[in-house]
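Following: one structure in structure tokens, then a few remarks.
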Amino acid sequence: MNDQWWVICLCAQWCGVCREWRDIFNQAAAANPGLRFAWVDVEDEAQAMGDIDIETFPTLLIAQGSNARFFGPVQPSGAQLSRLVASLTESSQPVKEPPGAAALLARLAPVVLLNS
């Protein structure tokens, strides 16, 4: 995964907010060709999710290589997504790794991310 930036959306197909958010997420992916975007249905990838229980959708996991930089729910807003991604990718400040994010990223990498 080297130092590639990943923006990973953790959602569920049954979630109406997620279905509406997917177009916005795809537009953000098209607007940021230097970043890799992945859509993960938490129910389809239950084994990779492990003991992580996503309670609020959408939830994002943003990482640089194998280092998680953000892991948490976000408002389904293209503007907020753009600001969050810009603040993380433009900052040289170290970020405390969110709890559970590194292990989840490691489990998702071979199953989902390497196939995206």
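Quick one: count up the residues across region 59-72 that are more than 18 Å from residue 86 (Cβ to Cβ) and within 10 Å of the chain's Cα centre (by Cα).
Total satisfying the criteria: 1.
Give me the pairs: first residue in region 16-43 and without any contact (Cβ under 8 Å) to a residue 40 or more places away in the chain, second residue in a loop (DSSP other than H, G, I, E, B) and of a type outside the set (Lys, Arg), beta-carbon distance under 7 Å, and six or more apart or on different chains, which are they?
As it stands, the answer is 41/12; 41/13; 42/12; 42/54; 43/12, since those pairs meet every condition given.
How many of the residues making up region 63-79 are crowded, with 17+ Cβ neighbours inside 10 Å, in contact with a Leu (Cβ under 9 Å, 6 or more places away or on another chain) and over 18 Å from residue 90 (Cα atoms)?
Qualifying residue count for the region: 1.
Which ones in region 32-60 are farther than 15 Å from residue 13 by Cβ and not aliphatic (A, V, I, L, M)?
Passing the criteria: 32, 33, 34, 36, 37, 47, 50, 51, 53, 55, 56.
Readers should treat all values here as calculations from the given coordinates under stated rules, not as data from a laboratory. Source: prediction; values computed, not measured. A quick note on method: Cβ atoms are made from the backbone with ideal geometry, for glycine too, and the neighbour counts reach across all protein chains shown.
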